[in-house]
Amino acid sequence: MTSLIALLLALAGGPAAAGHAAAVPVVMISIDGMGPDYVLEADRHGLKVPNLRRFLKEGAWAHGVKGVLPTVTYASHTTLVTGVSPARHGILYNEPYDPLDRNKEGWYWYAEDIHAPALWDAAREAGLDTAIVDWPVTVGARARWCIPQFWRTDFADMPDDRKLSRLLSSPGLLAEAERGVGAAYPSGYAYDVAADRRRAAFSVWMLQTKQPRLHLAYFSALDEELHDTWPGSPRVLAALEELDALVGEVRAAAERAGGGKAVVAVVSDHSHSRTTRELRLNEALRQAGLITLDGHGRTTAWKAMAWGTGGSAAIMLKDPKDDATRRTVSDVLAGLTALADSPIQRVLDGAEAREAGGFPGAAFVVGVKLDVRIASPMEEPVLAVGLPAGEHGHLPENPEMDASFLVVGPGVPAGRDLGRIDMRDVAPTLAGLLGVRLAGAEGRDLFASVGKER
């Protein structure tokens, strides 16, 4: 019977095919928007998240992960794979600066814009295969198997977005994966629980079929529900319970691929705060004569403009040497700060922003209070009451913006509370668990002194 099982495994190309133990995969799963309290204080929220809570017993976790400036998805996810701040890796926000809207709301989709080595680069140099399913900023990433994050429209499963997904993925990969999974990949802007469930199936297929040493997976339904409602809402909690099940499925697939062993990390990019006020920074700059609109509300000229929405924004000058405009902007911000119920938490000048690792070309960075969100419309009140909504992007000095980090597997001490860590620590830590070196990382390997079994 034993020889028959070995023969069947060999014919299937399984771990025993070459008579060696399976290599231990390293898997990073991102749950966009998940604050650490949803796991560490699950009972307080009434949450049933058994797969996430397993990490607290079997692995290590952070009480919080101090994020980057700004605490938004694309800047943060790039730090999670490079171990450096946005000012260094080059993904400064979700979308590139585009004051005249010529890029038509294009995002930082392309891996060539990352100016620091990423985990997939380090794995490739070590001769290890990497797989990616929907991780941000991965179009053209040098991974062996990649289904990158990209959309052309704001709708799910549009025919042209399907074509783009096939074209931008590794050659032939998406068609092969769809046959293996038995379902279409969720192309376009598809970020609800149903789409995440389908993406999880593709991650499971990738782990079982391709058996990469490094795998990156991304889920966004929680973040969408947080924006549409608010932190702790019934819809948010229901979404997280669904995602917990997907984490369990991906972890199980990774452990099967690794012969019973896998390093699995669950991370996030930021948390959310409940906001009820809106600040329209560009309207304040327009009223100061720094932005000109046509009769259709489109920008035709500008001297200074805010880049970013949510909890913070950079103020960019068209001419960085225009001291008169800089003084006008400073006066506008001073006026907002002096209001009796000011929306401003803190204003950083350009040097302070660079020191904080974000927006290196900004004249100022404006961080608003946790109940405030920066909105983009102009020709409306500068400060107004808005509907309750979850928001992020606030300054990383606020623990309320902290992200999550949970990790389990060989080389990870069980029951280890890591305290509050820096987001730049995640990539070098996973590189260490993978057995590769991530050149230039600003963070530290949290388990450098722990003997690692691979």
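The values are calculated or read from the model by the stated rules, or taken from the named source; none is laboratory data. Remember, it's a predicted structure, so these values are computed and weren't measured experimentally. Neighbour counts run over all protein chains shown; Cβ positions are idealised from the backbone, glycine included.
Residue pairs whose Cβ atoms lie under 8 Å apart, separated by 6 or more positions or on different chains, with the first residue in the stretch 171-192 and more than 18 Å from W151 (Cβ to Cβ) and the second modelled with pLDDT under 95 and exposed (fewer than 15 other Cβ atoms within 10 Å of the Cβ), do not occur.
Going through the stretch 182-198 one residue at a time, which ones are outside any loop (DSSP other than H, G, I, E, B) and surrounded by 24 or more Cβ atoms within 10 Å (Cβ to Cβ)?
D196 - this is the single residue of the stretch 182-198 that is outside any loop (DSSP other than H, G, I, E, B) and surrounded by 24 or more Cβ atoms within 10 Å (Cβ to Cβ).
The criterion of being in a helix (DSSP H, G or I), in contact with a Phe, Trp or Tyr (Cβ under 7 Å, 6 or more places away or on another chain), touching a residue at least 12 places away in the same chain (Cβ under 8 Å) and farther than 24 Å from K163 by Cβ does not hold for L226.
For the stretch 384-419, the tally of residues that are surrounded by fewer than 19 Cβ atoms within 10 Å (Cβ to Cβ) and in a strand (DSSP E or B) stands at 8. Taking the stretch 321-349 as the range and being in contact with a Leu (Cβ under 7 Å, 6 or more places away or on another chain) and not hydrophobic (A, V, I, L, M, F, W, C) as the test, the residues that pass are T325, R326, T328, S342, P343, Q345, R346. Every listed requirement among (1) free of Cβ contacts under 8 Å to residues at least 40 places away in the same chain; (2) within 23 Å of V133 (Cα to Cα) is met by E242 save one, (1).
Selection of the stretch 229-261 for residues being under 24 Å from D422 (Cα atoms) and in a loop (DSSP other than H, G, I, E, B) yields only P231.
Matching residues to (1) under 24 Å from R54 (Cα atoms); (2) of a type in the set (D, E, K, R); (3) at pLDDT 95 or above:
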{"position": "L418", "(1), (2), (3)": "yes, no, yes"}
{"position": "I421", "(1), (2), (3)": "yes, no, yes"}
{"position": "A427", "(1), (2), (3)": "yes, no, yes"}
{"position": "L430", "(1), (2), (3)": "yes, no, yes"}
{"position": "R444", "(1), (2), (3)": "no, yes, yes"}
{"position": "A448", "(1), (2), (3)": "yes, no, no"}
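For the stretch 74-93, the candidate set comprises residues that are touching a strand residue (DSSP E or B) at 6+ places or on another chain (Cβ under 9 Å) and closer than 29 Å to W302 by Cβ; within that set, the residue that is surrounded by the fewest Cβ atoms within 10 Å (Cβ to Cβ) is Y93.
The lone criterion from (1) within 19 Å of P136 (Cα to Cα); (2) part of a loop (DSSP other than H, G, I, E, B) left unmet by M206 is number (2). Is it the case that the stretch 207-216 has a residue that's modelled with pLDDT of 95 or more and under 26 Å from G310 (Cα atoms)? Within the stretch 207-216 (the criterion being modelled with pLDDT of 95 or more and under 26 Å from G310 (Cα atoms)), the answer is no, since none of the residues qualifies. When residues in the stretch 142-170 are screened for being touching a residue at least 24 places away in the same chain (Cβ under 8 Å) and within 20 Å of R213 (Cα to Cα), 8 of them pass. Just a yes or no: is a residue in the stretch 1-24 surrounded by 13 or more Cβ atoms within 10 Å (Cβ to Cβ), within 30 Å of P231 (Cβ to Cβ), touching a strand residue (DSSP E or B) at 6+ places or on another chain (Cβ under 7 Å) and at pLDDT 95 or above? Scanning the stretch 1-24, I find no residue that is surrounded by 13 or more Cβ atoms within 10 Å (Cβ to Cβ), within 30 Å of P231 (Cβ to Cβ), touching a strand residue (DSSP E or B) at 6+ places or on another chain (Cβ under 7 Å) and at pLDDT 95 or above, so the answer is no. Pairs meeting the criteria (first residue in the stretch 87-106 and of a type in the set (A, V, I, L, M), second residue modelled with pLDDT under 95, beta carbons under 7 Å, at least 6 apart or on different chains) are lacking. Answer yes or no: is there a residue in the stretch 432-450 that is without any contact (Cβ under 8 Å) to a residue 12 or more places away in the chain and over 27 Å from T309 (Cβ atoms). Within the stretch 432-450 (the criterion being without any contact (Cβ under 8 Å) to a residue 12 or more places away in the chain and over 27 Å from T309 (Cβ atoms)), the answer is yes, since at least one residue qualifies.
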